[in-house]
Amino acid sequence: MLTGSLKEKIRQARPLLGGFVFSSDPNISEIYAESGYDFVIIDTEHALNDIRIVQSHLKACAASGIHAVIRLGQTYYADASRLLDAGAEGLMIPHFTGDETTQGLIQSMKYWPEGQRATCTGVQISGYGQRNFAESAAQSNKTVLSIGLIEDRVCIENIEQVLKQTTVDWIMPGPADLASSYGVHGQLTHPVVQAAVNKTIEAAHTNDIAVGVYINEISEMETWAEKKINFFVHSIDYKIIGKALKSAVREFSTRTQ
């Protein structure tokens with residue numbers, strides 16, 4: 001069983017470790033739990049995961065004891081409150097710019113008086129009507145997590161204003177989309193992209209917002225040692241599996257020569 005929330009755990013001395021889950025197989029989320037990751041981000045932006053698949057992941061996460069966040073594709077913005085009802089601890093918002101759509105989405109994540117989340121007493125977070133709903137709503141308001149993905153030039157150029165007008169709990173730069181936004185597709189280490197990433201991190205520190213970065217390898221953590229990073233998102237399940245399989249084939253080829 002999980003104890004505490006990601007919001008509480010982000011305050012601990014060590015950074016948190018998460019990973020993107022693209023697979024439709026909920027066993028993958030359980031493997032992350034067994035491996036000791038702090039959280040998974042179930043993807044609905046790029047991966048072909050529908051509501052039922054997400055629900056299966058959420059149940060697997062609850063059973064195995066790992067925090068579950070959902071990266072929302074735009075198709076699922078209207079489903080934000082019911083995904084939280086189903087047990088997601090938080091939502092990651094791609095292309096976070098603080099516009100009206102984003103503000104409305106964040107409002108839908110919390111119950112009155114902090115937001116305008118739709119109310120139903122017969123859902124998972126209230127024990128399907130078996131728990132005190134007022135207590136469940138108050139607890140959800142306290143623990144629900146919003147993560148803004150900073151992926152657009154317009155947001156970088158106005159990031160202080162964006163972070164002040166639209167409150168999120170954590171932010172994370174998305175270098176791949178930033179590269180495209182600056183017209184240097186695929187050049188994640190281009191100076192203009194790195195400058196945008198660093199500006200995001202500095203803005204997070206200035207505004208006392210937890211900040212994370214995406215890494216392909218755990219060894220890349222050393223690159224960020226002086227940046228006071230609060231959480232790391234380690235790659236994508238498919239990429240990790242692919243790398244492990246390719247490594248096995250290389251070893252097999254070496255041993256059979």
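The values are calculated or read from the model by the stated rules, or taken from the named source; none is laboratory data. Bear in mind the structure is a predicted one, so any value in this text is a computation, not a measurement. Every residue, glycine as well, gets a Cβ built from its backbone with ideal geometry; the counts of neighbours run over all protein chains shown.
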### Query
Does any residue of region 171-183 turn out to be crowded, with 21+ Cβ neighbours inside 10 Å, of a type in the set (A, V, I, L, M) and not in a helix (DSSP H, G or I)?
yes
## Note on the structure
The correct count of residues that are surrounded by 15 or more Cβ atoms within 10 Å (Cβ to Cβ) and either in a loop (DSSP other than H, G, I, E, B) or among the acidic types (D, E) (or both) in region 145-157 is 2
### Query
For region 1-69, which fully contained helices (runs of 4 or more DSSP H) count at least 3 residues that are under 20 Å from I236 (Cβ atoms)?
27-35, 51-64
### Message
Among the residues of region 15-37, are any crowded, with 22+ Cβ neighbours inside 10 Å, in contact with a Leu (Cβ under 6 Å, 6 or more places away or on another chain) and closer than 22 Å to I240 by Cβ?
### Response
no
### Task
Give V211, V192, V249, V233 a once-over and let me know the one that is over 25 Å from S146 (Cα atoms) and surrounded by 15 or more Cβ atoms within 10 Å (Cβ to Cβ).
V192
#### Entry: Which numbered condition H190 fails, given (1) modelled with pLDDT of 95 or more; (2) under 22 Å from R14 (Cα atoms)
(2)
### Message
Step by step: first the residues of region 61-76, then only those that are in contact with a helix residue (DSSP H, G or I) (Cβ under 6 Å, 6 or more places away or on another chain) and either modelled with pLDDT under 95 or buried (at least 22 other Cβ atoms within 10 Å of the Cβ) (or both), then the one that is nearest to D43 (Cα to Cα). Which residue is that?
### Response
I70
### Task
Kindly indicate whether any position in region 31-42 is closer than 19 Å to Y77 by Cβ and free of Cβ contacts under 8 Å to residues at least 60 places away in the same chain.
yes
### Query
Of everything in region 93-144 that's in a loop (DSSP other than H, G, I, E, B) and among the β-branched types (V, I, T), which residue is surrounded by the fewest Cβ atoms within 10 Å (Cβ to Cβ)?
T119
### Task
Enumerate the pairs (first residue in region 240-252 and more than 16 Å from Y37 (Cβ to Cβ); second residue anywhere and assigned to a helix (DSSP H, G or I)) with beta-carbon separation below 8 Å, excluding pairs fewer than 6 apart on the same chain, so at least 6 apart or on different chains.
none
